[in-house]
Structures are given as structure tokens and as C-alpha cells.
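Asks: Sharing a structure, written as C-alpha cells. Questions coming.
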Amino acid sequence: MSSSVVCFRCGERYDDETRVRCACGQPLWFDTPDTDFTFSDDRDRDGMWRYESLLPIERPDGVARAAGGTPLVRSPGLDRAAGCRVYVKDESENPTGAYKDRGSAVAVSHAIEAGADVVGTISYGNMGISTAAHAASLGRECIVLVPDEIPQARLELIAQYEPSIVQVEGDYGALYADGVALSASHPISILVSDAPARISGYKTVVFEIYESLAPNTPDAIALPASSGGFASGVWRGLRDLAALDLLDELPRLYLVQTASADPITRAFDSGATEPTALSPEETEETIAHSIGNPDPPSGARALAAVRETNGAVVSVTDAEIRTAQRRFAVDGGFCVEPAAATPLAGLTRLSERGAIASNEEVVIVPTGTGFKERGTGDVPVSTERTSRSALPELLESLLDAR
Ligand SMILES: *Cc1c(COP(=O)(O)O)cnc(C)c1O
Ligand SMILES: [Zn+2]
């Protein structure tokens, strides 16, 4: 088991496993543990815990056991929209409906083991919901910091687990640094988007993809990026597999951002190694509310992942996201939230520009379920109406119209 965290950029190591950032400013993560893990190990474990020997904690009881272990589904109906052979890694099948549970399952227990009395997070979306659920499952108190203006429906999704919810006035984006500082000075661990133990949990998604596809391997993996935490986890997983000699060739990583707030895409296009924070004037509202971080704390690491794997970062508009969300449902049978539809929208763009060939096998990761937000008038609904006695006639006309 690993006992230090390391900087992806300068290689500096720290014994404090809860430390989030290096003195150089870049985020930290756990290195590949010193084990002789192979895919045949740990086969009888639940979900992501089959990879327990590669994680910094022993598997906890409770809802953490239900995290991960999501299906990888060959989905030929989506090939046309994507322009390649599509596999869907359906992260909506986590206990709170998003991949965040992989990170919370590891990070909440890890924080408690490291001595935190209380855990917390800064999120009014999936991370808030997930952290609250995993804390509740361990009987721990949780404090969720949300922005002052937050729709009631979002509050309810978090509040069902009964954490303390604090509405914070002012610049919500600036809270990341406050969270890191408050965790160092108080007996609370505020688990930010790229806390090292979260990244460890996220990497299990890659192990599952490789184990499911074996002996095949994907040509590319496409996922959304906001803080860059999930992208970091995916890259960490690939590096672990390479370090363990379980991977010959890296797949290309394609990260997809919303055009409404896309600092990582801008940095990629300009050849920069770090994103520049966007000002409020440079960002817009988007339907993809789970992504769109104007100052992504793991942005530099996400960029490094993309460059090292010969991938790309692309941005997609709300209109493209809506189309992809509809294709997911109509051609794939998947109900995904707008942010989770972006990898499909991104593939449409990438294959149109020739970056992906039609015979390539690409894994797309819809990161979160759409079931949390249906019923808000987003889906066009048309129905027929009939009396019982006229039903046979209506049915015949519907069948004839096919
Ligand atoms: C959090 C989230 C993302 C973005 O992940 P980052 O780790 O912040 O890059 C993407 N999709 C969904 C559904 C999310 O909840
Ligand atoms: Zn460093």
C-alpha cells in the first residue's frame, strides 16, 4: 500500500496522504502501489473493490460497496452519431447516479482513517450528493458548501442524506482554495474535486474497461472534463496499468468541455501547458451545469494526459449537447444528463474532422444519469389521445403509418 502522494509534474513526494497540492502548485496523486496485481486477482469482490490492492484503503462497508462495477456496453446504435464503434461505460449505474461515487467511496473513508471527524465538499451537484451519501452510509457528519443561489430541486437531492448544507455568498469558484486551507486548520476534511484519494477511486473505471474488453483494447476513451479530476483518474489508471505491465499501448484520451466555459480546450489549442482562468465575461450559462469550471484545479494534469496519449480536447455547444443527449436516448436507450452527453458530441466533431476512423473502437463515458432532472420541460412530448372503444382503430392507423 502506498504511503505518500506525489506531484505529477515535478515528482516531489509528501508523506501526508491528505495533502492536495504540491509546493509547485500542481495537484498530487498516489503513485502506483508496489504490488504484483494482475487482472485475475480479487475476482470475487464487489464493484470497484476487486482492485482493492491498488487503492489506498481497505474496502469499507455500506454504500461504498455499491460503487463502480458498472457495465461496459457495446452500443452499435450510437456508431453513426460517433463515427466509430462505440462502447458505453455506463457510470449512471452508480449508487448516486454518477462516477463521483468511485471517488467518494475511497476519499470519505480515507479522510476518516486519516483522523477527520467530519467530511465535507464544495459542490451543488453530483459531488455534493455523492459525498453526503457516502458520509451518511458511514454514520459520519458531512458539511456541503453550496452557492447562495441554488435551485430547490438541487438542494433536495443533497438534503435527502441530511448533511449540514451551507449556502455561501460571494465567489463560489474561489472556495476551492478555502476548502484546502480549512481542511488543514480544522478537524474537517473538505474533499475537493481532485483530492488524491478521489483520484484513486476514479482510476478504477479504467481497470474495469480493460478487464471487460480483454483481450481487445480501446483505441480511444472519451469523457467530459471540468475540474480535470476525472480525467486525472483515468490517466492515473492507465499509468498504473502500464507500470504493472498490463498495457502495451496507451489509448488516445479525448476530453470534452462545454463551449460556455472551456479553459482546457483553449490551452490545448494554443499549445499551453496550463489553462488560464476565465473571467466571468468569458463564460456563459450552459445546460451542462455539471461541467464548466472557469479555473480547473487539475487542468494542467488533464492537458498532460491528453498530450501524452496523443488525444485532444474539444468544446461543444449546448445545441450539440442536446443533440447528443437525444441520440443517447433514441439510438442507445440511455438517459444521461447534458454534461454526460458531451463525449458523444465531441466524437461527432472529432470524426468529422478525421481524427477518428470508423473502424476504431472507442469507449465513451456518460458520467451521470439524466433521471435526476427529467420533468423540467426539456423533452418535447407528443401523444395521441383516444377512448377505449376507439383504441383498436387508432392502433391500426399507428401500425399502418410505420
Ligand atoms: C463532476 C462531473 C463531471 C466533471 O468531472 P471533473 O472531474 O470535474 O472534470 C462530468 N460529468 C458529470 C456528470 C459530473 O458530475
Ligand atoms: Zn510539484
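The values are calculated or read from the model by the stated rules, or taken from the named source; none is laboratory data. Every value quoted in this text rests on a predicted model; they were computed, and no experiment measured them. All Cβ positions, even for glycine, are placed from backbone atoms using ideal geometry, and neighbour counts span all protein chains on display. Protein only, heavy atoms only, side chains kept; ligands, DNA and RNA dropped before computing areas. Shrake-Rupley method; radii C 1.70, N 1.55, O 1.52, S 1.80 Å.
Asks: For the range 274-310, which positions are away from ligand 1 (no atom under 14 Å from the Cβ), part of a loop (DSSP other than H, G, I, E, B) and closer than 30 Å to GLU249 by Cβ?
Replies: Those that are away from ligand 1 (no atom under 14 Å from the Cβ), part of a loop (DSSP other than H, G, I, E, B) and closer than 30 Å to GLU249 by Cβ: GLU274, THR309, ASN310.
Asks: Failed condition for LEU244, given (1) without any contact (Cβ under 8 Å) to a residue 40 or more places away in the chain; (2) away from ligand 2 (no atom under 16 Å from the Cβ); (3) over 21 Å from VAL316 (Cβ atoms), with all others met?
Replies: Among (1) without any contact (Cβ under 8 Å) to a residue 40 or more places away in the chain; (2) away from ligand 2 (no atom under 16 Å from the Cβ); (3) over 21 Å from VAL316 (Cβ atoms), the lone unmet condition for LEU244 is (1).
Asks: Moving on to the next point. Residues that are touching a Leu at 6+ places or on another chain (Cβ under 7 Å), in contact (Cβ under 8 Å) with a residue 60 or more places away in the chain and within 16 Å of ligand 1 (Cβ to nearest atom): which strands (runs of 3 or more DSSP E) entirely in the range 1-104 hold 1 or more of them?
Replies: Here the list reads 85-89.
Asks: So, ALA159, is that one more than 30 Å from ARG45 (Cβ to Cβ), out of contact with any helix residue (DSSP H, G or I) (no Cβ under 6 Å at 6 or more places or on another chain) and modelled with pLDDT under 95 or not?
Replies: No, not satisfied.
Asks: Of all residues in the range 84-122 being under 16 Å from GLY68 (Cβ atoms) and of a type in the set (Val, Ile, Thr), which is surrounded by the fewest Cβ atoms within 10 Å (Cβ to Cβ)? Working first, answer last.
Replies: Restricting attention to the range 84-122, the residues satisfying the condition of being under 16 Å from GLY68 (Cβ atoms) are 88-110.
Keeping just the survivors that are of a type in the set (Val, Ile, Thr) gives 88, 96, 106, 108.
Numbers: VAL88: 25, THR96: 27, VAL106: 33, VAL108: 34.
Restricting to residues being under 16 Å from GLY68 (Cβ atoms) and of a type in the set (Val, Ile, Thr), the top hit is VAL88.
Asks: So, one more: Out of everything in the range 7-30 that is surrounded by fewer than 18 Cβ atoms within 10 Å (Cβ to Cβ) and under 23 Å from LEU247 (Cβ atoms), what residue ends up being nearest to ligand 2 (Cβ to nearest atom)?
Replies: Within the range 7-30, the match that is nearest to ligand 2 (Cβ to nearest atom) is ARG9.
Asks: What pairs can you find where one residue is in the range 192-211 and over 22 Å from SER123 (Cα atoms) and at pLDDT 95 or above, the other is among the β-branched types (Val, Ile, Thr) and away from ligand 2 (no atom under 16 Å from the Cβ), and their Cβ atoms are less than 6 Å apart, with a gap of 6+ or different chains?
Replies: Correct list of pairs: VAL206/VAL234; ILE209/VAL363.
Asks: Would you be able to tell me the number of residues in the range 5-37 that are out of contact with any Pro (no Cβ under 8 Å at 6 or more places or on another chain), among the hydroxyl-bearing types (Ser, Thr, Tyr) and modelled with pLDDT under 95?
Replies: Counting residues in the range 5-37 that are out of contact with any Pro (no Cβ under 8 Å at 6 or more places or on another chain), among the hydroxyl-bearing types (Ser, Thr, Tyr) and modelled with pLDDT under 95 gives 2.
Asks: Further, regarding this structure: Determine if the range 346-359 includes at least one residue that is among the β-branched types (Val, Ile, Thr), surrounded by fewer than 22 Cβ atoms within 10 Å (Cβ to Cβ) and either within 21 Å of PRO263 (Cα to Cα) or more than 15 Å from ligand 1 (Cβ to nearest atom) (or both). I'd like the intermediate steps shown before the answer.
Replies: Taking the range 346-359 first, the residues among the β-branched types (Val, Ile, Thr) are 348, 356.
Applying the additional criterion that residues be surrounded by fewer than 22 Cβ atoms within 10 Å (Cβ to Cβ) yields 348.
This time we only want the ones that are either within 21 Å of PRO263 (Cα to Cα) or more than 15 Å from ligand 1 (Cβ to nearest atom) (or both), so: 348.
Yes: one or more hits.
Asks: Of the residues ILE158, ILE165, only one is of a type in the set (A, V, I, L, M, F, W, C), open to solvent by 20 Å² or more (accessible area, probe 1.4 Å) and over 23 Å from ALA277 (Cβ atoms); which?
Replies: One residue alone meets the criteria, ILE165.
Asks: Okay, next question. Please verify whether the range 116-130 includes one or more residues that are in contact with a strand residue (DSSP E or B) (Cβ under 8 Å, 6 or more places away or on another chain), of a type in the set (Asp, Glu), more than 16 Å from ligand 2 (Cβ to nearest atom) and touching a residue at least 40 places away in the same chain (Cβ under 8 Å).
Replies: yes
Asks: Continuing with this model, one more query. Going through GLY128, GLY120, GLY173, GLY139 one at a time, which residue ends up being of a type outside the set (S, T, N, Q) and on the phi > 0 side of the Ramachandran plot? Steps first, please.
Replies: Details: GLY128 fails: on the phi > 0 side of the Ramachandran plot; GLY120 fails: on the phi > 0 side of the Ramachandran plot; GLY173 fails: on the phi > 0 side of the Ramachandran plot.
The match here is GLY139.
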